[in-house]
Each structure stands twice: as structure tokens, then as C-alpha cells.
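Remarks on the structure that follows.
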Amino acid sequence: MSKWAVIYSSVTGNTRMIAEAIAAEAESADVFRVQDAPVDLSAYDIVALGYWLRLGQPDPLMLKYLPQVKGSRVVFFQTHGTEPTSEHAITSFARAGYNLGDGCEILGTFGCQGKINPVMLEKRKNAGPDDPHGGVKAQERWKKAASHPDAQDIEAAKELVHKMEHKLVLKARFLARKQQGK
């Protein structure tokens, strides 16, 4: 198994919960809040970077850290109030990747809904119907997000560890065959 660095930013505890699940499933992992994360990640085979979304991208603390991550195999994980398959959630992975330092390889991604910060919900209650964060549909999303991360999300985060480990095994086999000229 690989040595993992699990680095996260969390306000409500959603992303921390996913970070802890990933770290617990990996046989060898160190967990860091992004504020305490090392710059030198050379001791790690996989660097899992977790964040919550703000303005369609990683939160400000993670955005500040991402350019320092260089030459690493990266897995992104994120929590947010929207559907995991929404355009908002999907493009945020691209924005995270764009902000990474040089020489990184993105192995995979994981996203799930999470409870929205109560302060943010209070602000959004007065949003007009033209605001994407206002109206009946938004309130339905907030209600659904309030029950996440749930047990299924935690299990899916743990499964991510196995998928990434398997991906590395397959890649090593492929490269070995390629080197042998097969």
C-alpha cells in the first residue's frame, strides 16, 4: 500500500469527516489541516487534497496551498451543498487542478454533498428567485445536503482509496509491459 498525505480544509466538519475516512482506510496515512500541511510532500506516494466549495472552486485556504503542491500524485475530494454530478461540482475539480503546482498527476476525484454552513444559509434565505442560491429548488438542495456526508458517502470515500491503489498497480503493470516492448 502507498503512503498517503491527507490534507483538508473544513469549516462545518464535512470535509474533515471525509478526510478521516480516507486516512483510516489507507494503511499508511498522515492527516493535516491545510493550515498545518507540509510543503515538502516527497515522502508521500499519494496526496489527497480536500476542500469545500466557495464560488465554484476550492475554498480560499486550499486555493492558497494548491500551488505549493508539486510533483505529486493527487486525489481531490470535495464537499458542497450541490449535487455531486452538477456542473458546479464538476468544474470545481478542474479549477483545483488548474491551481496545482508543476508536475502533478491527478489520479482521481471524489465529491459528496455536505451540510451548508448555517451562517451561509441565513444569508441565502433572502436570495431572490433569480439568484442561483435562492428559491424553492435551492431550499430543497439545502435540505438534502443537511443529511450528508452520510454512511454511503463515507463508504464511497473509503472505496476511493482502494480504487486509487488499484489504479497505481495497473499503471505499474502497464509501464513494465511497455518497457519490455510488449
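Within the group Lys70, Lys115, which residue is open to solvent by 10 Å² or more (accessible area, probe 1.4 Å), closer than 26 Å to Gln139 by Cβ, touching a residue at least 24 places away in the same chain (Cβ under 8 Å) and among the charged types (D, E, K, R)?
Lys115
All but one of (1) at pLDDT 95 or above; (2) in contact with a strand residue (DSSP E or B) (Cβ under 9 Å, 6 or more places away or on another chain) hold for Glu155, so report the exception by its number.
The failed condition is (2).
What tally of residues in segment 6-35 results from selecting those that are surrounded by fewer than 24 Cβ atoms within 10 Å (Cβ to Cβ), among the small types (Gly, Ala, Ser) and in a helix (DSSP H, G or I)?
Qualifying residue count for the region: 3.
May I ask you to list the residues in segment 36-59 that are open to solvent by 10 Å² or more (accessible area, probe 1.4 Å), free of Cβ contacts under 8 Å to residues at least 60 places away in the same chain and assigned to a strand (DSSP E or B)?
Listed by number, the residues that qualify are Leu53, Arg54, Gln57.
Looking only at segment 79-104, filter to residues that are under 20 Å from Asp30 (Cβ atoms) and either touching a strand residue (DSSP E or B) at 6+ places or on another chain (Cβ under 7 Å) or basic (Lys, Arg) (or both); which one of those is surrounded by the most Cβ atoms within 10 Å (Cβ to Cβ)?
Result: Leu100.
Testing Phe110 on (1) in contact (Cβ under 8 Å) with a residue 24 or more places away in the chain; (2) of a type in the set (A, V, I, L, M, F, W, C); (3) surrounded by 15 or more Cβ atoms within 10 Å (Cβ to Cβ); (4) over 25 Å from Lys64 (Cβ atoms), one condition comes back false. Which one is that?
Of the numbered conditions (1) in contact (Cβ under 8 Å) with a residue 24 or more places away in the chain; (2) of a type in the set (A, V, I, L, M, F, W, C); (3) surrounded by 15 or more Cβ atoms within 10 Å (Cβ to Cβ); (4) over 25 Å from Lys64 (Cβ atoms), the odd one out for Phe110 is (4).
May I ask you to list the residues in segment 138-182 that are of a type in the set (Lys, Arg) and under 16 Å from the mean Cα position of the chain (by Cα)?
Lys158, Lys163
Assess whether Ile106 counts as being part of a loop (DSSP other than H, G, I, E, B), aliphatic (A, V, I, L, M) and within 23 Å of Ile18 (Cβ to Cβ).
no
Kindly evaluate Lys163 against the criterion of being in a helix (DSSP H, G or I), in contact (Cβ under 8 Å) with a residue 60 or more places away in the chain and either closer than 25 Å to Glu25 by Cα or not hydroxyl-bearing (Ser, Thr, Tyr) (or both).
Here the answer is no, as Lys163 does not meet what is asked.
Where residues in segment 67-99 are of a type in the set (Gly, Ala, Ser) and in a loop (DSSP other than H, G, I, E, B), which of them is farthest from Leu49 (Cα to Cα)?
In this case the residue turns out to be Ser86.
The values are calculated or read from the model by the stated rules, or taken from the named source; none is laboratory data. From a predicted model like this one, the values you see are computed outputs, not experimental measurements. For neighbour counting, all protein chains shown are included, and Cβ atoms are generated from backbone atoms with ideal geometry for every residue, glycine included. Side chains are part of the model used for accessible areas, which takes the heavy atoms of the whole protein and leaves out ligands, DNA and RNA. Shrake-Rupley method; radii C 1.70, N 1.55, O 1.52, S 1.80 Å.
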